[in-house]
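What follows is calculated from the coordinates using simple rules that are stated; it is not laboratory data. The structure presented is a predicted model; accordingly, all values stated were derived computationally and were not measured. So basically every Cβ, Gly included, is an ideal-geometry build from the backbone, and we count neighbours across all protein chains shown.
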Amino acid sequence: MDMLEIKNLHVSVDGKEILKGIDLDIRAGEVHAIMGPNGSGKSTLSYVLSGREGYEVTEGSIRFRGRDLAELNVDERAAAGIFLAFQYPIEIPGVTTMTFLKTALNAQRKARGEAELDAVRFLKLVREKAKPLNVPDEMLKRALNVGFSGGEKKRAEILQMALLEPALAVLDETDSGLDIDALKTVAAGVNALRNPERAMLVITHYQRLLDYIVPDAVHVLSGGRIVKTGGKELAHELEKTGYAAYDADAA
Amino acid sequence: MAAVRETVKTVGEVEKYKYGFTTDIESDKAPLGLTEETVRFISAKKSEPGWLLEWRLAAFRRWLTMEEPKWAKVSYPPIDFQDAYYYAAPKQSVKLNSLDEVDPKLLETYKKLGIPLTEQKMLAGVAVDAVFDSVSVVTTFKEKLREVGVIFCPMSEAVRDHPELVQKYLGSVVPTSDNFYATLNSAVFSEGSFVYIPEGVRCPMELSTYFRINEKQTGQFERTLIIAEKGSYVSYLEGCTAPQRDENQLHAAVVELVTLDDAEIKYSTVQNWYPGDEDGKGGIYNFVTKRGDCRGANSKISWTQVETGSAITWKYPSCILRGDNSRGEFYSIAISNGRQQVDSGTKMIHLGRNTSSRIVSKGISAGRSSNTYRGLVSVHRKAENVRNFTQCDSLLIGDRCSAHTVPYIETKNPSAVLEHEATTSKISDDQMFYCRQRGIGEEEAVALIVNGFCRDVLQQLPMEFAVEAQKLVGISLEGSVG
């Protein structure tokens, strides 16, 4: 069974149709990339998967591990295993990264009927996950994303993903704002989380990220539709030709 | 005042019906209304010395000439001060046999606050097993305090046992003529605490610990006096995170603090009075005068307050910085939800040289509430090199509440350096979505974000209360989203 089944998905924001019939199946263990020009609906797709208010499904359906996602709100989807790495991570003043991580992990564990982790076990777990991502203790003591550099923000996102161990990770423009070294660190973090039980949907404008996170399939999104699907070589092709051809198709 | 009358009468009826204790209580109550006779009755009940009766009577006569203050941004129906009782002997609370008899809603709140079981029983008025050694704990504390010479007792006991101290300091910070409610309090006060820390003594425990175990009926007109002699230190915590109900709708307490040379008082309050029902009916009116006098050089007074309850809060814990190099601090979290109205802040009166003050106020308004910060920083002509830093942050939740900041700054000395920062923000949809995407439920997300907003102030609370106060912040805002 596919982990994620999107069928004929139409989504409107403020009455304007952004996604106009998306079909997409992702199996456990696979990494799919969504590429497309600005305004093609990439971020809308990530928000509708995570259940953000204001993104209205007008037609079609999304099934995640056999469940209709329409039945679940944002935090229930998170507890069910959907994680979104934000393009622009949000600042939470006064809440240390450590506190935030603990609150999130325990909220998800509680929602799944698992015991909450105590402070000692939690600390051990965080340190274990933070080390390969080059996230020092000092950063965990700072308020989440407040005054973080671009690289720190993205590393903090991947740390959250590593800790929360989602079944499906949606990475929205994770490469934006990163220099090449930061990109490599983040990509290595993501690759370390690839496993046969986990699926990933990598949303990106540029092919660059896909040199480091190599996808099993690449989809081109344009004008609210998937206009082409191929293997990893499709990303390289796009890098040469650009999106112009697809824009014309969509129009 | 219709509301007070209603409350008093309703409570009377209920109690008659439920507990059948009418006769005893009636005989221990002052007659209805407020006259010189009422004041004499209270003083006689407490077998007070003549000077205190005269002091009360002077206050009463003064009060008759005063008018209720109208400048605060709160509104409520007029209060009929002649339609209330000003003294009732402490009531013997009804003992329940087990927690099973307590309102499950209350227990749920205790649980959320993480209050230990034994303490839950005491708070809810359940008879505590003889096995539990609360008495011996209290005795141990008392002995420890006695060893170092700290006096900590009810005000009426202090009047009896330490009249010279009471007479010297009572009304020396908040004079009987100070303001309408403080003057009323001076005439009719009947409960409250007295603390005296001798020279050079660092009080060996947070007086909170003792206080909580001793949790008693809070009076309607409490009067608290804390004196820290030269070089001494005390940390005092008033109140309780557990929701408190009281049949008296009007509360007008006075707290006076005095620090002599090199002394320090840290006074923390957690106030969670009944805020009224959904329409704001029946909640407590909390009109409080709190003031500290840094009388000695290099002394320090620090106020920390977490205000979540009451229908109306009118409260400005202040510092008179009289001694050279003295320091005043005010850290405040005021949360209003439902129909609550808060008008709170501080006054920092700089009289001495090199005095400094710091104000950090965090106001959170939700529901249909109104939350006002009102503060004064005043620098006297002779006060050289004064420093003040003020930070007022307001957070709005929803679109039906309001926040107001009213800072008054008066300086008569050009060497003063005064800073004022103010911000107003809302919990953004982005923040909520981000938290919820990580699996944090809506109410928990609000609590997390608000606790982050209040962090600077929460850190000022004594450790054991900081944890409870954090939970209280979340509980106070339940129902504010969605």
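Using C-alpha pairs under 8 Å with a sequence gap of at least 6, the mean separation divided by the residue count of chain A gives a relative contact order of 27 percent. Seen from B:VAL270, the other residues with C-beta closer than 9 Å to its C-beta sum to a net charge of -3, counting Lys and Arg as +1 and Asp and Glu as -1. Computed about the Cα centre, the dipole magnitude for the protein assembly as shown is approximately 1260 debye when only Lys and Arg (+1) and Asp and Glu (-1) carry charge, each at its Cβ. Normalised by the number of residues in the stretch B:283-338, the mean separation of alpha-carbon contacts (under 8 Å, six or more apart) gives a relative contact order of 45 percent.
For the protein assembly as shown, adding -39500 (n - 2.57) for each run of n ≥ 4 DSSP H residues and dividing by the number of residues yields -10000 deg cm²/dmol at 222 nm.
Of the GluC sites (Glu not before Pro) in the stretch B:263-314, the ones in a loop by DSSP (not H, G, I, E or B) with at most 11 other beta carbons within 10 Å are B:GLU278.
For the residue pairs B:LYS300/B:LYS362; B:LYS73/B:LYS168; A:LYS102/B:LYS112; B:LYS46/B:LYS73; B:LYS46/B:LYS111, alpha carbon separations beyond 27 Å are given by B:LYS73/B:LYS168; B:LYS46/B:LYS73; B:LYS46/B:LYS111. Given a Förster radius of 60 Å and the C-beta distance between A:THR229 and B:GLU478 as r, what FRET efficiency does 1/(1 + (r/R0)^6) yield to the nearest 0.05? With R0 = 60 Å, the Cβ-Cβ based efficiency is 0.80.
Kindly list the residues of the stretch B:428-443 that lie in the label zone of A:ARG112, defined by a backbone N under 15 Å from the point 7 Å along the Cα-to-C-beta vector. Those under the cut-off are B:438-440. Take A:LEU193, project a point 7 Å from its Cα along the Cβ direction, then tell me which residues of the stretch A:145-165 have their backbone nitrogen under 15 Å from it. Under 15 Å, as judged by backbone N against the label point of A:LEU193, lie A:152-165 of the stretch A:145-165. Between B:LEU53 and A:THR241, the simple label model (points 7 Å from Cα in the Cβ direction) yields a spacing of 10.4 nm. Remark: spin-label model distance B:ASP279-B:GLU199 equals 6.1 nm, labels positioned 7 Å along the Cα→Cβ axis. When only C-alpha pairs under 8 Å and at least 6 residues apart count, what is the relative contact order of the stretch B:264-373, in percent? Reported relative contact order: 25 percent. Cβ-Cβ distance of B:GLU68 and A:ASP179, R₀ of 60 Å, FRET efficiency by 1/(1 + (r/R0)^6): the value works out to about 0.40. Between A:ASP68 and A:VAL214, the C-beta separation translates, for a Förster distance of 30 Å, into a calculated FRET efficiency of about 0.40.
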